[in-house]
Amino acid sequence: QVQLVESGGGLVQPGGSLRLSCAASGFTFRTAIMSWYRQAPGKERELVAGISVGGSTNYADSVKGRFTISRDNAKNTVVLQMNSLKPEDMAVYYCNARPGSILYKFKDSWGQGTQVSVSS
């Protein structure tokens, strides 16, 4: 069974940093496209950052230059390093896994989410 468990959320002041981690199990991690999404109250879930099987990354314009996504295939972990946090970043952050190829048979999966709060 696919399982994604986020950790590292919390309360920080504007300008602060947080490091979110997603521990993955139940599938072959190295074959997955891994992403971080976030959802603020009353808003739709939005893509924050993604990393491909080969390590290519993409970011929402709102977080470019501040957030960094990385993966460690040996540890089955994807990390979102968040710097220079703004109140607008406040949301529940979710880890997502989807197959990097049609050859890999597992369903698009989500973690339970971790709360990021940014407030002075």
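A few remarks follow.
- Residues of the stretch 61-118 classified as touching a Pro at 6+ places or on another chain (Cβ under 7 Å) and at pLDDT 95 or above, total: 4
- Meets criteria (farther than 18 Å from ALA32 by Cβ and either open to solvent by 40 Å² or more (accessible area, probe 1.4 Å) or β-branched (Val, Ile, Thr) (or both)) for VAL116: yes
- PRO14 meets the conditions (1) out of contact with any Gly (no Cβ under 9 Å at 6 or more places or on another chain); (2) free of Cβ contacts under 8 Å to residues at least 60 places away in the same chain in every case but one. The failed one is (2).
Let's see how each residue does on (1) among the aliphatic types (A, V, I, L, M); (2) within 14 Å of THR114 (Cβ to Cβ):
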{"residue": "GLY26", "(1), (2)": "no, no"}
{"residue": "GLY50", "(1), (2)": "no, no"}
{"residue": "VAL63", "(1), (2)": "yes, no"}
{"residue": "PHE67", "(1), (2)": "no, no"}
{"residue": "ASP72", "(1), (2)": "no, no"}
{"residue": "MET82", "(1), (2)": "yes, yes"}
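- Checking each residue of the stretch 69-80 against the condition of being in contact (Cβ under 8 Å) with a residue 24 or more places away in the chain, open to solvent by 50 Å² or more (accessible area, probe 1.4 Å) and under 20 Å from SER120 (Cβ atoms) gives no match.
- Of all residues making up the stretch 81-99, the number that are more than 18 Å from ALA23 (Cβ to Cβ) and either open to solvent by less than 40 Å² (accessible area, probe 1.4 Å) or not small (Gly, Ala, Ser) (or both): 9
- For the condition surrounded by 13 or more Cβ atoms within 10 Å (Cβ to Cβ), part of a loop (DSSP other than H, G, I, E, B) and in contact with a helix residue (DSSP H, G or I) (Cβ under 8 Å, 6 or more places away or on another chain), VAL53 qualifies.
- Considered as a group, the residues in the stretch 106-120 that are part of a strand (DSSP E or B) and in contact with an Asp or Glu (Cβ under 7 Å, 6 or more places away or on another chain) include one that is farthest from ARG30 (Cα to Cα), and that residue is VAL118.
- If the condition is being assigned to a loop (DSSP other than H, G, I, E, B), open to solvent by 70 Å² or more (accessible area, probe 1.4 Å) and under 16 Å from LYS86 (Cβ atoms), then the stretch 22-50 contributes only LYS43.
- Inclusion of ARG19 among residues that are over 28 Å from SER101 (Cβ atoms), modelled with pLDDT of 95 or more and open to solvent by 30 Å² or more (accessible area, probe 1.4 Å) is warranted.
The values are calculated or read from the model by the stated rules, or taken from the named source; none is laboratory data. Everything numeric in this text was worked out from a predicted model, so none of it was measured. Here Cβ is always computed from backbone atoms with ideal geometry, including for glycine, and neighbour counts include all displayed protein chains. SASA here: full protein model, heavy atoms, side chains in, ligands and nucleic acids out. Shrake-Rupley method; radii C 1.70, N 1.55, O 1.52, S 1.80 Å.
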